[in-house]
Amino acid sequence: MNAPQDKASFKPAYDVVGTRPVRPDGVEKVTGKAIYGTDHVAAGMLHGAILRSPHPHARIRSIDTRKAEALPGVKAVVTGADFPSLASLEVSLGEGSGNIAAISRNCMAHEKVLYDGHAVAAVAATSAVIAEEAAALIEVEYEVLPHVLTIDEALAPGAPVLHEDMFTKGLPEKPAEPSNAALCFTVGRGEPDAAIAAAHTVVSGRYSALAVHQGYIEPHACVASYNADGQVQVWASSQGAFMIRTLCASILGISQADIRVTPLEIGGGFGGKTKVYLEPVAIVLSRKSGRPVRLAMSRADVFRASGPAPGVVADITVGADADGTITGVVMEFKMLSGANPGNDTHSGAMSALAHYNVANCRVTGWDVLCNTAATAAYRAPGAPQTIFPVECCIDEIAQKLGLDPIDIRLKNAARPGDVGIMGMPAGEIGYAECLEAAKAHPHYSAPLGPNQGRGIAGGTWGNYGGPSTATVNLGEDGSVLVTTGSPDIGGSRAAMAMMAAETLEIAYEQVRVTIADTSSIGFSMLTGGSRTTFATGKAVILACEEIIATLRARAAVMWSIDVSQTEWRGGAVHCLSGDKAGTSLTMGQIAAKAGFSGGPIAAEVALNAQGFLPGFGVHICDTEVDPETGHVSVTRYTVVQDVGTAIHPDYVEGQMQGGAAQGIGWALNEGYVYDKAGRMDNPGFLDYRMPVCSDLPMIDTVMVEKPNPAHPFGVKGVGEVPIVPPLGAVANAVSRAIGLRVHDLPLTPDRVYAAMQGKS
Amino acid sequence: MPSPQFHSPETVEQASALLAANPQARVLAGGTDLIVQLRSRRIAPTAIVDIKRIAGMSGIRAADGGFAIGAATPCTALKDDKALAAAWPGVVEAANLIGSVQVRNRATMAGNLCNASPAADSVPALVAAGATVLIAGPSGQREVPAAEVTSGPGKNTLAHGEFVVEIRLPARPQGGGDAYLRSIPRTEMDIAVVGAGAALVLDASGTCTSARISIGAVAPTVLLVEAAGAALVGSKLDDAALERMAEAVRVAAKPIADKRGTVEYRIAMAGVLAKRVVEIARQRAEKA
Amino acid sequence: MGKMMISATINGDAQQFLCDPAATLLDALRDELGLTGSKEGCGSGDCGACTVVLDGQMVCSCLVLAAEAEGRKIATIEGVAEGSELHPVQRKFLEKGALQCGFCTPGFIVASKALLDHNPDPSEHEVRYWLAGNLCRCTGYDKIVRAVLDAAAELRQETTTQRVSA
């Protein structure tokens, strides 16, 4: 087992990596100085407001903006007519792809509104109050169309179709009629039906989970400034400044060189800030008004009109041998992707069984559209929804066969070298080690009280690498300036500084990190896919290695020796031969004389990071259920995760704890609720019930460090895995506490109570 | 929408005159409902009358052996008043379930009452406790039972120009105890799915001589369930009496199904919570 | 009605600002006074990111009208540190990794300091219920609660030391 038994005695093989220094951007964030989305002010800035559809599905017959335009203080009013009419074009966005025409129409409706909250017009005015008042004066004539909110409604014969040009992809033949099913995707191998027919024990069920929101506390916000010469500046809080540049340039037909996007601090994203909503609108308002324009969402806007994660309905059958070996799995799931095709169906299908060795399986996913906000990525997109049913079924098999829930998972766990359902052998993965660590954890053997139950669930996420750029510049005093294009969403500046310091063998405090705008650093994919510490980190490390090579070359010049006669050690170049043999030059000494040895010392590395590895987690959850009311409380929770090497353990643990808390919320109380008119019924933090501080216990963490050989320090992604197991872990804990299975999330008190009543 | 006038009168008469002069004026006490409604454009008052600068409007004083609580007194201040917290713990706890500490540092019971949400946490406790409300208006002052201040969701019975000045709680009876509980999915920051309040009086032998049982979030207004109280009077709060009481509560409950709960669940929980609050009130009465 | 001129003491300084009668204290702090450390996460008192201390009581500044601030004392996140000296709560948030995105952090720090000003020795349970009005979506609260408990312990130590030396 690689997990340290005693955290205090665990000594990493590094000087800086594995320590817990204060993050470089920390003081700004605890003193209120850090500048987030709505904190940025541009000179002469106007305030924008967006008019949103009250209907879930309607054709726009006409929009009359005259009263709004006549209101004093109004400087611009725009509608879909102000946006270029775009042909369908798929672009790659990192966490999935997107269709430019659909993205543009999602920012501003053209001919149809597809959900409650869909933007139909926007205003820029001298104050936010005037802008809101003007927006309310815009008259939109709608032809209200019938709407669909659920999978059954969306797929019913004769259902109203959102996109009349959408024919289900992935079927053997193109369907004759358009429908709300965007995609059917199947993965599998072997003979699952035969295997299940021959199995010793079979369990099956229909499971569901509601659409949920990422719930970042900072609403979307940006400022855009369009100049008369066509050059545009955008300041935005997002997971990817380059993503904003790509999309705005494509939607509005602007050269990428003419859009400079400056990333502001970002108040949470979890995948939800990987798309544009406001930025193209703000640019068009700025172009029309000639002044910078700020657009910001309200909390209700965020819920109604940004991208939640899709809800799911899944039918699953699992067969096993008497010893617990899973012999066959058949699962068919439907993701409710909202107004546009989603990205979770592929990843959900591929993730569902990725942590197990299953010889015979078939997983079929359907991407289903309905009249709700177009979904976006949310932490391990698709995996929580498909792994939840799998983990529940494994638990039921364990109970039927009288097996320990960890033992049955160990028996079936994917291990290095095992060939997965996509036909690729697994690399240095650590699921089995996580299961062993969970079994050894005191939580697993702790006694339970009355009405309590303990649930176990595993999970995985593929993680990602991809394109990143980093530059490293030396100050004349030898201090180190690292620049990347990866927005820091949860402490990655610290990780970058630590990896640079470790590579250069210098103190952490000697390194400072800047997140640059899109005109000041090379392309970097957005912060998502658990890629930043892996991919951008690798670019930083390689750039530091170039710096070392440069410093040795400069020292060789200063010493008049061949570079081969120098050595890098302890943050300095050491002379190995000649009359200076035995002496050394520090970075500061070399940098101070850089002008005489070849000029400024700098390095840039642009790469496409390969060799990323999936992450795995095992969660242990204790719940107590009030037998009279159905209230579920989480009384103890432990997260075990294969994290590769933890660069900054505080922030790795923080990812594990935060992901677990989000998953617990999904399992217990969160979910999109619509009224009969198709309007979101809970678009606020009061009724969209995310866990508050008093809802949760401490969340214990065990970092299993099984390094990734493809990263210089062994980094794997850590951010997404921890939201995957909680749905199953909580559901399994509740089922063991009350002695029956509730298949539908969230496990609200009324639902658990009703289930208990049904039993008695 | 023009900006509203903002007034901060210093006397009850000034406030009453301002309210009487403008039918679109709204009273501002803690503001935790008013400002949310203002910002979401659900209301558009042309004047806001802040009553917090009126002398005596904030604070708790002894009155007629009981307590007079100024209408602008924030919920957290109730907790800090040891005598009030000892006499009417159910009322004080109910008021301190509303929102967060931040909210309770502003929110008032008078506002909770006048906002007229069927799920208002402090109201069942006030109704059970037999609280009365002093209302000031252009034609002087009147005192009404707390249960009569609301008439439906979002509707109160205050006449034009009137506002609540004071909430009055009687002296705690000998052998009296009160309690309030609510059912919410989380532990904090929620609106009651069901709420239940109880105020009991027990004699020296433990026999219940008076019982007032109230329920919230199961009808358009908070209900005082007289049959539930009657089921307890004369009993020693044995299981049979408690079950009769709970059944009366379930019969009285006429909830709707909404995003916060189903009809069946609300009815069942009204009974469960009523039993639980009676048990807490009993313990308090026995210690009294 | 036109704008109102309000005089208030903000982080110890006498300040005057203009506000619309319907504007919130949060709007005034951010837009009129440039104190953007208080954040708007919901505008309805449900997230606590705008927490400030008004006359000694912590409140959501989105649920206070700016006009109500006349003559009152307001303490914001910008006044928590003394010059360049961080308050122990701020320092412990950094040392314990109690922030990820940092957006909720100002509200948590103001609320945590308010707790410790009232109650120097809170239990974990008391910390969790006191902070229930502050939403954090990144951390799962674990490291925040630990930071507050640690800051409380350090502040008690300081108080004890002062008492001994005095």
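Heavy atoms only, probe 1.4 angstrom, no DNA, RNA or ligands counted: give me A:612, A:83 ranked by accessible area, highest first.
A:612, A:83
Local charge for residue C:154 was computed over the other residues whose Cβ lies under 11 Å away, with Lys and Arg +1 and Asp and Glu -1, and equals 0. Solvent-accessible surface of chain B, taken per residue with a 1.4 Å probe and all protein chains present: 37 Å². When you work out D = kT/(6 pi eta Rh) for region A:491-648 at 25 °C and 0.890 mPa s, using the Kirkwood radius from C-alpha pairs as Rh and the Stokes-Einstein form, the result is 128 µm²/s. Ranking A:244, A:364, A:638 by Cα position along the charge dipole of chain A, where only Lys, Arg, Asp and Glu carry charges on their C-beta atoms, puts A:244 farthest toward the positive end. Counted over all Cα-Cα pairs of region A:606-722, pairs farther apart than 22 Å make up 48 percent.
Buried accessible surface for the A/B chain pair comes to about 2000 Å², total over both chains, computed with a 1.4 Å probe.
Screening chain C for whole DSSP H helices of 20 Å or more along their axis (Cα) with average Kyte-Doolittle hydropathy at least -1.0 returns C:142-165. Kirkwood-type hydrodynamic radius, region B:5-50: 10.7 Å, calculated from all non-identical alpha-carbon pairs.
Interface area, chains B and C: about 2400 Å² of buried accessible surface, summed, with a 1.4 Å probe and ligands, DNA and RNA left out. Each listed q (0.08, 0.11, 0.12, 0.19 Å⁻¹) maps to a log10 I(q)/I(0) for chain C, found by the Debye formula over equal Cα scatterers with no solvent: -0.24, -0.45, -0.54, -1.17. Taking 29 Å as the straight-line reach from the Cα of residue A:174, the lysines in range (excluding those fewer than 8 positions away in the same chain) are A:112, A:334.
In this Cβ point-charge picture (+1 for Lys and Arg, -1 for Asp and Glu), chain A has a dipole of about 760 debye about its Cα centre. Which pairs break 31 Å Cα to Cα here: B:82/C:73; A:439/B:275; B:155/B:287; A:273/B:155? Distance filter (> 31 Å) returns A:439/B:275; B:155/B:287; A:273/B:155. Of all lysines in the structure, the ones whose alpha carbon falls short of 21 Å from that of residue C:96, not counting any fewer than 8 places away in one chain, are A:7, A:11, A:29, A:33, C:113, C:143.
For n ≥ 4 DSSP H runs only, could you compute -39500 (n - 2.57) per run for chain B, divide by its residues and tell me the 222 nm figure to the nearest 500? All intermediate terms of the calculation are to be shown ahead of the outcome.
Values: 11 runs with 100 residues, N = 288.
After summing the helix terms and dividing by residue count, I get -10000 deg cm²/dmol.
Alpha carbon centre of region C:22-44 versus region A:139-194: separation in Å? Between the Cα centre of region C:22-44 and that of region A:139-194, the gap is 44 Å. Converting the Cα gyration tensor eigenvalues of chain B into ellipsoid dimensions via √(5λ) gives semi-axes, longest first, of 33, 21, 15 Å.
Dipole of region B:176-287 computed with +1 at Lys/Arg Cβ and -1 at Asp/Glu Cβ about the Cα centre; of B:241, B:209, B:278, farthest Cα towards the positive end is B:278. What's the center-to-center distance, using Cα atoms, between region B:148-191 and region A:319-337 in Å? Using only Cα atoms, the two centres lie 53 Å from each other. Within the same chain, lysines fewer than 8 places from residue A:593 are excluded, and of the rest, those with a Cα less than 18 Å from its Cα are A:580. Over the protein assembly as shown, what percent of the accessible surface lies on carbon and sulfur atoms, probe 1.4 Å? Result for the protein assembly as shown: 52 percent of the exposed heavy-atom area is carbon or sulfur.
Could you give the semi-axes, largest first, of the ellipsoid that matches region B:60-169, computed as the square roots of 5 times the alpha carbon gyration tensor eigenvalues and rounded to whole Å?
20, 16, 12
Taking the Cα centre of region B:5-50 as origin and charging only Cβ (+1 Lys, Arg; -1 Asp, Glu), how large is the dipole, in debye to the nearest 20?
340 debye
Let me check I've understood the local charge: for residue A:696, count other residues with C-beta under 9 angstrom from its C-beta, Lys and Arg +1, Asp and Glu -1. What total comes out?
Net charge in that neighbourhood comes out at -1.
For region B:212-288, the spread of Cα coordinates along the three principal axes comes to 39, 20, 20 Å, biggest extent given first.
Ordering A:375, A:284, A:271 by the projection of their Cα atoms onto the charge dipole of chain A, which places +1 on the Cβ of Lys and Arg and -1 on the Cβ of Asp and Glu, puts A:284 at the extreme positive end. Interface burial in region A:38-62 reaches 50 Å² or more for A:39, comparing the full protein assembly with the chain by itself; accessible area from heavy atoms with a 1.4 Å probe. For the protein assembly as shown, taking Cα atoms only, Rg and Dmax work out to 31.1, 108 Å respectively.
What share of Cα pairs, in percent, lie more than 21 angstrom apart in region A:15-86? So the portion of pairs separated by more than 21 Å is 60 percent. Shown here for region B:26-112: trypsin sites (Lys or Arg not before Pro) in loop regions (DSSP other than H, G, I, E, B) with at most 15 other Cβ atoms within 10 Å, namely B:41, B:42.
One way to sum up the overall shape of region A:262-381 is the equivalent ellipsoid from its Cα gyration tensor, whose semi-axes run 41, 14, 10 Å, largest first.
The values are calculated or read from the model by the stated rules, or taken from the named source; none is laboratory data. Nothing here was measured: the structure is a model prediction, and the numbers come from that model. No Cβ is skipped: glycine too gets one built from the backbone with ideal geometry, and neighbour counts run over all protein chains shown. We work out accessible area using only protein heavy atoms, side chains counted, and drop any ligands, DNA or RNA first. Shrake-Rupley method; radii C 1.70, N 1.55, O 1.52, S 1.80 Å.
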